[in-house]
């Protein structure tokens, strides 16, 4: 009878070991003694396997002793494969596990890897380690298969036995045995892949595809937010077509989706290809935590709430809902960004382990009863516990008029507003940015701003927030000086992408109201230029023009258009010529790089042919090695440079 060993009893290994333990003698091995002890008490700390299932696995024995591997003839390796800080594959757990297998494997055993790797890693990394430590030869002393894990943590419907299992083997006989063993417990059936590499590739593209689809939704959410429409309403309308894929925006973390694309790109780059789309999706998804925090702060500013020292509650810390796994959670990006604005952030999670959170991220979880009334609530992870609690109970933790940021669109905006919470939605259910709300008030031309009081300006990452009250005829000097509008270039909003807000009034009126010392010369120039994003320098707008003209800037595009109208024709022509020269220089650089690559490839092919001829003739081949190495180095350098599709930098005038 087959004896199975499962190495790694985590989210992937334990469910497999339990299912096999119901039919085969199964030996589970894990380095963490506390987990092994808990399994012995029929308790799974992660909640993935029930106590009833653990009790039903009567043939399962868990141990921290690697010697149990020697008793098995079918070994499954299910250890994590993370990435390091540079987003490069970290094979440390896989290498250590392969060493343990090599030291204890018996002759004729089959080793099946389930860990996510790039295509070719099993044969290039794992098999040589087993050969080295066992003294056995691959396909003679031991055999290898690959069957990628497809566990969906927190999903109680699509459990391990109900998901089709892809299997592969190094020989037809190995494939047959692997399919037979897995097929005995997987009720959804198995799919035999043609090779180990095919099975490895299937795994990484499953999660890469999902990562890219979510990245598209996240980018659309950013665009729709600037347009002023609700992303969820757009997705509902688009979903009425039968072939529209139902993806939602959100934070993408965890040990699979946020990691697997880097394994594929690592392999591609080793082969001389620099992936474009895959890495673009990763960049978008990795930036969403920052985006969520910034939108929350903008809404707080619009609600006339302080940001510095404000209490903000973040609901949920795990990487996904209904799962206690904290690995690679992107909620930490939201937390850190809010803290950088000066907010006091309180994180609550009903199922995450507070000690583990403290160890992983350096922040403790706050019990529900100890949460303060907050200026903002960020619903980051939609645990079922929050749904059971009800929105009213959550709203009680917020101050009247507090901001509610719903990351996963889990709550009805109308219900949130009925409870006195701000959702960032304007009339008609549209989500509007700060500058769009200002434009909607139809500011009265160049005579000043509307008679009603107007919004808020944040300086430098929320370090200071000032409220400037504008009137159609006058401006409060004390508030103007406190905001330091005339003393700084970066006066309108904290970040460039937030756009500019209408903050200028007739220069002549300002000078007449506050005197030359307040708005004379360069100061008046800063009033005009400082309200326009894009890092424009004071010198780009002559002081005499700033003093003579009235400029009200309401948004980036409007400000740019107005500047173009004010700028002299010669200045516009000069800027246009400068942009043309930049494009020409960029094109020449790209052409030179391509020509250098072509020359390098030609020299490398010629050197390789010479080497082959010399080898056949028995002559030395070292003379061509420097040529090949230089060509390879050139190809690597060319691969790492920015893509030509990015184009040259663009400057505004």
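General remarks:
- Spin-label zone in the stretch 323-362 - amide nitrogen under 11 Å from a point set 7 Å from the Cα of residue 370 along the C-beta vector: 347
- Linear extension gain, residue 274 paired with residue 417, 0.36 nm per residue minus alpha-carbon span: 46.8 nm
- Neighbour counting of Cβ atoms within 10 Å sorts the residues 212, 14, fewest neighbours leading, into 212, 14.
- Mean separation of Cα contacts under 8 Å, 6 or more apart, over the residue count of the stretch 214-426: relative contact order %: 19 percent
- Residue 595-residue 156 FRET efficiency (beta carbon distance; Förster radius 60 Å; 0.05 resolution): 0.55
- Annotation: for a label point projected 7 angstrom from Cα along Cα→Cβ of residue 233, residues of the stretch 381-417 with backbone N closer than 13 Å are 413-414.
- Applying 0.36 nm per residue to the separation of residue 52 and residue 198 and subtracting their alpha-carbon distance, the gain on full extension is 48.9 nm.
- When peptides 261-267, 237-243 are ranked by their average number of other Cβ atoms within 10 Å per residue, the highest-first order is 261-267, 237-243.
- Percent RCO, i.e. relative contact order, over the stretch 4-194, from Cα pairs under 8 Å lying at least 6 residues apart: 17 percent
- Taking other C-beta atoms within 10 Å as the exposure proxy, 418, 115 rank 418, 115 from fewest upward.
- Sites residue 92 and residue 31, calculated FRET efficiency, Cβ-Cβ separation with R0 22 Å, nearest 0.05: 0.95
- Computed extension length for residue 65-residue 339: 94.2 nm, one decimal, from 0.36 nm per residue of separation with the Cα-Cα distance subtracted.
- Residues 203, 384 arranged by fewest to most Cβ contacts within 10 Å: 384, 203
- R0 of 22 Å, Cβ-Cβ distance residue 584-residue 287: FRET efficiency to nearest 0.05: 0.10
Read-outs: derived from the displayed coordinates by stated rules, not from any lab. Since the structure is predicted, the reported quantities are computational estimates derived from the model, not experimental observations. Don't worry about glycine lacking a Cβ; one is built from the backbone with ideal geometry, like all the others, and counts go over all protein chains shown.
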